[in-house]
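What follows is a single structure, written as structure tokens, with notes after it.
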Amino acid sequence: MRITLPALQKMAQSQQKFTALTCYDATFATVLESAGIDVLLIGDSLGNVLHGAETTLSVTLEDMIYHTRCVARGASNALIMTDMPFGSYQTSPEHAFANAAKMMAAGAHIVKIEGGQIMADTIQFLTQRGIPVCAHIGLTPQSIHQLGGYKLQGNTEKSAKHLLDDAKILEKAGASLVVLEVVPAKLAQTITQTLSIPTIGIGAGPHCSAQVLVLHDMLGLHHGKKPRFVKDFLTGSQSIQQAIANYVTAVKAGQFPSEEHEF
Ligand code: KIV
């Protein structure tokens, strides 16, 4: 049976963790959902892991539509979430709606948008017109040049308050889920306890309602230095399927992320 947003909401309310991983093709979509992954994220991280680009800024709407179609063909149970790529949603809510509608037509069930309160009007516009939205705050890779690097966000009193305010405003605007990327575990816990919608953490500690990782990272396939929040689940597992199943078990049991993965 297909996982729905109300089902995820119910899991979060009953303190049952759910799981997400990035996914870019049909074969992995089938493998991931068979191993128990609830949410398949067609992340614009495909710019890094598939295209070999340094940032996600060059990913196009066409790229995201193509990979959403591929994943949708391989998934019959998981919820499919697609990233809106850089430049496809920032100019106006109307422009965002036109592009998000293309993602939904390609097979997405929800779109993900990076940014804080500045995105509230767009989130309201989309959700009032039938397109569910996952907000994404903290380390937002599309703003990498403004942030000055892939580094911890919300680590001062002022910036932590700002992120908490953003989260509240985006929930009020209609977001169904919020991704918290590379923020202190304590802040992610406060945001998770404050909101009534589920939070999905990546580098945000163990207190979020769910966890997400980039598929290639958790299979030990990263170029360069492994980020602190990543765990290689393939080493020590018999197969890719087993590695994914071990990730699901570890997240659901609250064993991943552990202290060594948090800030
Ligand atoms: O693009 C992506 O893979 C993401 C996750 C890192 C959350 O947005």
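The values are calculated or read from the model by the stated rules, or taken from the named source; none is laboratory data. Remember, predicted model here, so these are calculated numbers, not experimental data. Here Cβ is always computed from backbone atoms with ideal geometry, including for glycine, and neighbour counts include all displayed protein chains. Just the protein is used for accessible areas: all its heavy atoms, side chains included, with ligands, DNA and RNA removed. Shrake-Rupley method; radii C 1.70, N 1.55, O 1.52, S 1.80 Å.
Listing for the model above:
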{"item": "Subset of the range 51-66 (residues that are within 15 Å of the ligand (Cβ to nearest atom), within 26 Å of ASP38 (Cα to Cα), surrounded by 15 or more Cβ atoms within 10 Å (Cβ to Cβ) and of a type outside the set (D, E, K, R))", "result": "THR56, VAL59, LEU61, MET64"}
{"item": "Cβ pairs under 6 Å, 6+ apart, first in the range 19-30 and closer than 21 Å to GLY201 by Cβ, second among the β-branched types (Val, Ile, Thr) and more than 10 Å from the ligand (Cβ to nearest atom)", "result": "THR19/ILE37; THR19/VAL248; THR19/VAL251; ALA20/VAL39; LEU21/ILE37; CYS23/VAL71"}
{"item": "Residue match in the range 120-143 (condition: away from the ligand (no atom under 16 Å from the Cβ), under 27 Å from GLU54 (Cα atoms) and either surrounded by fewer than 21 Cβ atoms within 10 Å (Cβ to Cβ) or at pLDDT below 95 (or both))", "result": "no"}
{"item": "Residue that is farthest from the ligand (Cβ to nearest atom) [pool: residues in the range 67-92 that are surrounded by fewer than 17 Cβ atoms within 10 Å (Cβ to Cβ) and more than 25 Å from GLN211 (Cα to Cα)]", "result": "SER92"}
{"item": "Filter pass, VAL248 being surrounded by fewer than 23 Cβ atoms within 10 Å (Cβ to Cβ), touching a residue at least 24 places away in the same chain (Cβ under 8 Å), more than 14 Å from the ligand (Cβ to nearest atom) and closer than 20 Å to THR30 by Cα", "result": "yes"}
{"item": "Residue list for the range 94-104, filter: open to solvent by 30 Å² or more (accessible area, probe 1.4 Å) and touching a residue at least 12 places away in the same chain (Cβ under 8 Å)", "result": "GLU94, PHE97, ALA101, LYS102, MET104"}
{"item": "Matching residues, the range 70-102, being of a type in the set (D, E, K, R) and more than 18 Å from the chain's Cα centre (by Cα)", "result": "ARG73, GLU94, LYS102"}
{"item": "Filtered residue count, the range 218-240, keeping only those that are touching a residue at least 60 places away in the same chain (Cβ under 8 Å) and open to solvent by 20 Å² or more (accessible area, probe 1.4 Å)", "result": "3"}
{"item": "Residue in the range 163-172 that is small (Gly, Ala, Ser), surrounded by fewer than 23 Cβ atoms within 10 Å (Cβ to Cβ) and either within 16 Å of the ligand (Cβ to nearest atom) or in contact (Cβ under 8 Å) with a residue 40 or more places away in the chain (or both) present", "result": "no"}
{"item": "Hits in the range 209-248 (condition: within 19 Å of the chain's Cα centre (by Cα) and polar (S, T, N, Q))", "result": "SER209, GLN211"}
